[in-house]
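A short write-up of the structure that comes next.
The values are calculated or read from the model by the stated rules, or taken from the named source; none is laboratory data. Being a predicted model, the structure only gives us computed values, none of them experimental. A quick note on method: Cβ atoms are made from the backbone with ideal geometry, for glycine too, and the neighbour counts reach across all protein chains shown. When the accessible area is computed, the model is the full protein with side chains, heavy atoms only, and any ligands, DNA or RNA have been set aside. Shrake-Rupley method; radii C 1.70, N 1.55, O 1.52, S 1.80 Å.
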Amino acid sequence: MMGGMKSMLLIASATSALGVGQEDTTGARAGSRPFAWLQHTAAPARPLLVHVHVPKTGGSSLIEDVVKHLEVRLCVPKVAMHKCIGAQTLAPEGALGAAARGGCEFTSCEASVRTASRMLGGEGVGDGLIAMVRSPMSHLYSMFAHCQRPGSRRFRTSFRGWLREARVAGGAVPPICGYNPWNMATLMLGNDTGAHATLRGLAAARLALERAAVAGVTEEYGASLCLLVARSPGRARALSKRMCRCDDDGAALRARYALVRQRNTARGRAAQQQQRAIRGAQGAVAHLTRLDAALHRHAAALLLRGVEEHGLQCHLRNETRLRALASPSKDGL
């Protein structure tokens, strides 16, 4: 995790380079601190962990596992977390800040970083942020597949047809299921205000992940979870810390209790259906998720750095793929 001074220097240099003081697109009011939503006004010994739940990145699983592996006081009952903590009802402006000062330690919201900051009463999310970023192709297909389940309003089109409709819509939220495939992760984590994520938002999202408690990658769910455990020594349960160790003892515990398992991975017939559906969709996905692809690569690099720092390589499902993803891109992002 980056130190406070280094983080502040990063933020200062980024805001200067991006001209944040000239145009306010980060959600900060005129005259306020640039990127204030990334900064804590106070630094408690056990800061509030705020999971910004980007839909279809494994966030519901992560909520369950945070509660299982960390000893934390919930800000609201776990059953309410999937409702963005009731961003409009249970946690109006400033309510989370008051709750955190009262001693709660973990909350989750399926909303933007700006919403979480507003509920904190203007205090930034800072180094308490937890976020997962997913491969754009599997992320978009997961959005589509969610609405094909029994009981959901179904798309009257194929996956490629939905992508074509999204391109024509130009960033307007599709009416079915409410998923916007245009760079969703960057839009939520970068604090952009419009229907489209921007390069400025990408820079802000990268800074947010660099300061985060954990910037996870859905394809490496187990490693992401164990990195959170390793970075939470005062909160992690003893069994979870042993489970995440990459030695024989840890391996035995993982096998016995199956406390870390790979989630959000299609298998069998579902995997075959996914492969058929995405065939020929690469171009459309790349068009809709260029910024998200860059953010995914950045998250991969941060995860790889954290895994190496804490000796968690045994939890990587595909280290070669992760290293390739974390390598510098040729597209300028």
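Roughly how many nanometres apart are two label points built 7 Å out from the Cα toward the Cβ at Ser327 and Glu308?
Between Ser327 and Glu308, the simple spin-label model gives 1.4 nm.
If I stretch the segment between Val67 and Gln275 completely, what's the gain in nm (0.36 nm per residue apart, minus their alpha carbon distance), one decimal?
71.5 nm
When ranked by the protection proxy of mean other Cβ atoms within 10 Å per residue, highest first, what sequence do the peptides 211-221, 59-69 form?
Numbers: 211-221: 26.0, 59-69: 19.2.
Peptide ranking by packing, descending: 211-221, 59-69.
Keeping all protein chains in place, calculate the accessible area per residue for region 270-333 (probe 1.4 angstrom), answer in Å². Walk me through the numbers before you get to the answer.
Values: 3440 Å² over 64 residues.
Heavy-atom accessible area per residue stands at 54 Å².
Amide H neighbours of His51 under 5 Å, at least 5 residues apart or on other chains, H built in the peptide plane: list them.
Thr107, Ser108, Cys109, Ile130
Assuming R0 = 35 Å, can you tell me the calculated FRET efficiency for the pair Glu319 and Leu199, based on Cβ-Cβ distance, to the nearest 0.05? Don't skip to the end; give the middle numbers.
Numbers: r = 30 Å, r/R0 = 0.87.
Using R0 = 35 Å, I get an efficiency of 0.70.
Any chance you could list P(r) for region 176-226, counting all Cα-Cα pairs in 10 angstrom bins from zero, rounded to whole %?
25, 42, 29, 4
So between Arg149 and His287, what do we pick up on full extension, going 0.36 nm a residue minus the alpha carbon distance?
Details: separation 138, 0.36 × 138 = 49.68 nm, distance 2.63 nm.
Value of the extension gain: 47.1 nm.
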